[in-house]
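K.L.:
Handing you a structure now.
The values are calculated or read from the model by the stated rules, or taken from the named source; none is laboratory data. Predicted model, so just to flag it, every value in this text is computed and none were measured. Quick reminder, even Gly has a Cβ in these numbers, built from the backbone with ideal geometry, and neighbours come from all protein chains shown. The protein model used for the area step is the full one, side chains on, heavy atoms only, and it has no ligands, DNA or RNA in it. Shrake-Rupley method; radii C 1.70, N 1.55, O 1.52, S 1.80 Å.
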Amino acid sequence: MTEAVSKTICVVGLGYIGLPTAAVLAAHGAHVIGLDINADVVATINRADIHIVEPGLGPMVRSAVQSGRLRATSNPEPADAFLIAVPTPFMADHEPDLKFVEAAARAIASVIRKGDVIILESTSPVGATAQMAQWIGEMRPDLQLPDPNNAAPGDIYIAHCPERVLPGKVIHELVVNDRVIGGLTPACANAAIGVYKLFVKGACIKTSARTAELCKLAENSFRDVNIAYANELSRICDKLEINVWELISLANLHPRVNILNPGPGVGGHCIAVDPWFIVSSAPEEARLIRTAREVNDDKPGWVIAKVDAAVAAIQSGNPDGLKSEIVIGCFGLAFKADIDDLRESPALDIATRLANQFGKNALIVEPNIAELPSSVAISGAQLVDVSTAFEQADVLVLLVDHASFKTVKPPTDKIVIDTRGIWIANGPSD
């Protein structure tokens with residue numbers, strides 16, 4: 001395939017990026033095959049339903065499935081283009097873990113044909129696209145791979161195009177945002193642009209695969225560094241007994257200052273992960289990026305210390321009371337407001353630690369989920385509504401600035417720890 005738009009597109013991985021991408025492609029006329037190893041996900045989509053929360057996604061998937069333009073499967077099938085959108089976590093030592101990319105590449109290798117386009121959308125360390133090509137080559141020695149050092153075209157086209165969408169606005173931003181598209185060769189980039197032109201109204205900007213890989217990492221590391229500054233400032237303000245929210249609003253009056261809001265840490269599948277990919281690739285050079293990651297990773301522990309201090313204050317005022325009688329209310333589990341995504345969530349981390357301490361006396365309020373995740377220790381806590389937490393909890397810990405939390409005010413007789421600054425009138429400075 002050259003620059004002509006693909007007719008059949010396989011999206012590998014039907015999660016928070018893959019499923020919206022598949023739905024948008026189908027809405028723009030493509031025949032889309034969704035490939036996922038999770039049988040429940042496949043079944044959910046094939047009955048025109050969704051397994052994740054994203055505004056506008058449900059009706060779009062329903063329309064795509066009912067029209068026959070989208071179907072899901074766990075078995076690889078031939079297509080004109082393959083978009084790989086699988087997780088790229090890191091291991092315990094913060095080294096990148098590309099096992100899902102490798103599994104996806106090897107899975108589709110058997111059905112790849114000459115002229116196909118393979119695009120890695122998963123945010124990845126520099127060199128991952130070339131590594132993906134190598135895995136495909138191991139499975140398909142009959143195919144001539146594109147060679148960045150050789151102008152001769154290969155049998156297939158391989159590129160990297162990182163997603164850069166905001167949860168809660170994914171459907172809109174998939175279409176309007178500019179895309180950075182890096183090919184292993186210029187011909188690969190041109191072929192990938194042909195795929196994205198099917199639905200992208202923003203600019204499709206051509207570069208090399210390695211530059212595209214680092215571009216996404218640099219974008220998220222920029223955010224991480226700026227959030228780390230805000231989180232560090234919140235700790236400084238707390239120690240100096242200064243209201244951090246007032247301070248930031250005053251500092252931001254300067255025409256060239258724009259301090260972000262602090263929080264309980266940094267979460268999500270990108271910002272909390274991607275900077276480590278840069279640190280892994282250039283450990284001696286990425287000193288600021290490493291420090292920012294450490295500052296943000298340390299913030300949940302600081303919030304726990306604030307809760308412990310509040311519990312100690314309650315006990316000092318009631319020497320005969322037992323710690324086991326104290327109830328903690330945690331407001332929010334998602335990594336950001338108004339979504340159900342718990343990946344790398346500092347709120348989930350904090351709530352899990354508190355559930356370990358307080359068991360059933362840890363009350364969780366998360367309006368975007370129906371039940372607590374069973375895979376973590378938080379399952380010993382209780383999922384309740386706002387009113388119940390306000391009534392029963394002694395300490396209220398605001399972790400996520402969900403819209404529904406902004407419309408309520410906590411009781412004035414409770415200890416409030418507000419990490420988002422929406423109940424600040426009733427809580428400490430952070």
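K.L.:
Need the failing condition index for residue 110 against (1) open to solvent by less than 60 Å² (accessible area, probe 1.4 Å); (2) without any contact (Cβ under 8 Å) to a residue 60 or more places away in the chain; (3) within 25 Å of residue 194 (Cβ to Cβ); (4) of a type in the set (Ser, Thr, Tyr), just the number.
P.N.:
Unmet condition: (1).
K.L.:
Same structure, new question: Got a sec? Which of 416, 400, 386, 395 is modelled with pLDDT of 90 or more, more than 19 Å from residue 306 (Cβ to Cβ) and not hydroxyl-bearing (Ser, Thr, Tyr)?
P.N.:
Values: 416 fails: more than 19 Å from residue 306 (Cβ to Cβ); 400 fails: more than 19 Å from residue 306 (Cβ to Cβ); 395 fails: more than 19 Å from residue 306 (Cβ to Cβ).
Just one listed residue meets the conditions, 386.
K.L.:
Let me confirm something: among 136, 108, 171, 193, which residue is of a type in the set (Val, Ile, Thr), within 18 Å of the chain's Cα centre (by Cα), part of a helix (DSSP H, G or I) and at pLDDT 95 or above?
P.N.:
From the options 136, 108, 171, 193, the qualifying one is 171.
K.L.:
Going through 428, 373 one at a time, which residue ends up being out of contact with any Phe, Trp or Tyr (no Cβ under 9 Å at 6 or more places or on another chain), closer than 27 Å to residue 249 by Cβ and either assigned to a helix (DSSP H, G or I) or modelled with pLDDT under 95 (or both)?
P.N.:
428
K.L.:
Before we move on, is residue 336 within 21 Å of residue 272 (Cβ to Cβ) and modelled with pLDDT under 95?
P.N.:
Spelling it out, residue 336 is indeed within 21 Å of residue 272 (Cβ to Cβ) and modelled with pLDDT under 95.
K.L.:
What pairs can you find where one residue is in the range 137-160 and closer than 16 Å to residue 186 by Cα, the other is of a type in the set (S, T, N, Q) and not in a loop (DSSP other than H, G, I, E, B), and their Cβ atoms are less than 6 Å apart, with a gap of 6+ or different chains?
P.N.:
Matching pairs, first to second residue: 160/129.
K.L.:
So residue 181 ticks every box in (1) in a strand (DSSP E or B); (2) open to solvent by 40 Å² or more (accessible area, probe 1.4 Å) but one. Which box is left unticked?
P.N.:
With (1) in a strand (DSSP E or B); (2) open to solvent by 40 Å² or more (accessible area, probe 1.4 Å) applied to residue 181, the lone miss is (2).
K.L.:
Here's another thing I want to ask about it. Restricting attention to the range 282-291, does a residue exist that is open to solvent by 30 Å² or more (accessible area, probe 1.4 Å), of a type in the set (D, E, K, R), part of a helix (DSSP H, G or I) and modelled with pLDDT of 95 or more?
P.N.:
Scanning the range 282-291 turns up at least one residue that is open to solvent by 30 Å² or more (accessible area, probe 1.4 Å), of a type in the set (D, E, K, R), part of a helix (DSSP H, G or I) and modelled with pLDDT of 95 or more.
K.L.:
Check the range 72-86 and report whether any residue there is crowded, with 16+ Cβ neighbours inside 10 Å and without any contact (Cβ under 8 Å) to a residue 60 or more places away in the chain.
P.N.:
Of the range 72-86, the ones crowded, with 16+ Cβ neighbours inside 10 Å are 72, 76, 79-86.
Subset that is without any contact (Cβ under 8 Å) to a residue 60 or more places away in the chain: 72.
Yes: one or more hits.
K.L.:
Checking residue 300 against (1) part of a strand (DSSP E or B); (2) closer than 17 Å to residue 272 by Cβ, only one condition comes out false. Which one?
P.N.:
With respect to (1) part of a strand (DSSP E or B); (2) closer than 17 Å to residue 272 by Cβ, residue 300 is out only on (1).
K.L.:
Further, regarding this structure: Please tell me if residue 69 is in contact (Cβ under 8 Å) with a residue 24 or more places away in the chain and open to solvent by 10 Å² or more (accessible area, probe 1.4 Å).
P.N.:
It is true that residue 69 is in contact (Cβ under 8 Å) with a residue 24 or more places away in the chain and open to solvent by 10 Å² or more (accessible area, probe 1.4 Å).
K.L.:
Do we find that residue 14 is over 21 Å from the mean Cα position of the chain (by Cα), open to solvent by less than 50 Å² (accessible area, probe 1.4 Å) and touching a residue at least 24 places away in the same chain (Cβ under 8 Å) in this structure?
P.N.:
The answer is no for residue 14.
K.L.:
Follow-up question, since we're still on this one. When you scan the range 254-268, how many residues do you find that are open to solvent by less than 10 Å² (accessible area, probe 1.4 Å) and farther than 13 Å from residue 334 by Cβ?
P.N.:
Of the residues in that region, 1 qualify.
K.L.:
If you don't mind, another one. For the subset of the range 339-348 comprising residues that are within 23 Å of residue 86 (Cα to Cα) and in contact with a Leu (Cβ under 8 Å, 6 or more places away or on another chain), which member is surrounded by the fewest Cβ atoms within 10 Å (Cβ to Cβ)?
P.N.:
Let us first name the residues in the range 339-348 that are within 23 Å of residue 86 (Cα to Cα), namely 339-346, 348.
Subset that is in contact with a Leu (Cβ under 8 Å, 6 or more places away or on another chain): 342, 345-346, 348.
On the way: 342: 22, 345: 25, 346: 26, 348: 26.
Looking at the filtered set, the residue picked out is 342.
K.L.:
Still on this structure: What number of residues within the range 192-206 are β-branched (Val, Ile, Thr) and in contact (Cβ under 8 Å) with a residue 40 or more places away in the chain?
P.N.:
2
K.L.:
Another question, if that's okay. Can you pull out every residue in the range 312-338 that is surrounded by fewer than 23 Cβ atoms within 10 Å (Cβ to Cβ) and within 22 Å of residue 267 (Cβ to Cβ)? Give the derivation first.
P.N.:
Within the range 312-338, the subset surrounded by fewer than 23 Cβ atoms within 10 Å (Cβ to Cβ) is 312-327, 336-338.
Result: 336, 337, 338.
K.L.:
What single numbered condition from (1) outside any helix (DSSP H, G or I); (2) in contact with a Gly (Cβ under 9 Å, 6 or more places away or on another chain); (3) open to solvent by 10 Å² or more (accessible area, probe 1.4 Å) fails to hold for residue 412?
P.N.:
It is condition (2) that residue 412 fails.
K.L.:
Checking residue 59 against (1) without any contact (Cβ under 8 Å) to a residue 12 or more places away in the chain; (2) crowded, with 23+ Cβ neighbours inside 10 Å: exactly one of these is not met. Which one?
P.N.:
(2)
K.L.:
Still on this structure, please answer the following. Is it fair to say residue 260 is more than 15 Å from residue 357 (Cα to Cα) and without any contact (Cβ under 8 Å) to a residue 40 or more places away in the chain?
P.N.:
Yes; evaluated as a whole, the condition is true for this residue.
K.L.:
Does at least one position in the range 37-47 carry a residue that is buried (at least 18 other Cβ atoms within 10 Å of the Cβ) and not β-branched (Val, Ile, Thr)? So that I can check it myself, show each step before the final result.
P.N.:
Pass one, the range 37-47, residues buried (at least 18 other Cβ atoms within 10 Å of the Cβ): 41-42, 44-45.
Of the ones still in play, those that are also not β-branched (Val, Ile, Thr) are none.
Within the range 37-47, not a single residue is buried (at least 18 other Cβ atoms within 10 Å of the Cβ) and not β-branched (Val, Ile, Thr).
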